[in-house]
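Colleague: Before anything else, here's the structure in question.
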């Protein structure tokens, strides 16, 4: 089966990151929030979009 090298690299980095935090989802979430707060990148939030109603056809 063919394996994408980029996907493999992402999975490897993800596993390394999770292992540093003991695979604890709460610690991972706290670490992400801390990194986000320390980041100088501007975060953009968009309001939720209203779904478009599609008329039923007979």
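Colleague: To the nearest 10 degrees, how steep is helix 5-20 against the longest Cα principal axis of the chain, on a 0 to 90 scale?
Modeller: 60 degrees
Colleague: How far apart, in nm, are the 7 Å Cα→Cβ label points at residue 19 and residue 39?
Modeller: 2.5 nm
Colleague: Where does each of 31-44, 12-25 land if you order them by average Cβ count within 10 Å, highest first? Intermediate results must be reported in sequence, preceding the final value.
Modeller: Details: 31-44: 8.1, 12-25: 10.9.
Peptide ranking by packing, descending: 12-25, 31-44.
Read-outs: derived from the displayed coordinates by stated rules, not from any lab. It should be emphasised that the depicted structure is a prediction, and the values quoted were computed from it without experimental measurement. Here the Cβ is made from the backbone with ideal geometry for all residues, glycine too, and neighbour counts use every protein chain on show.
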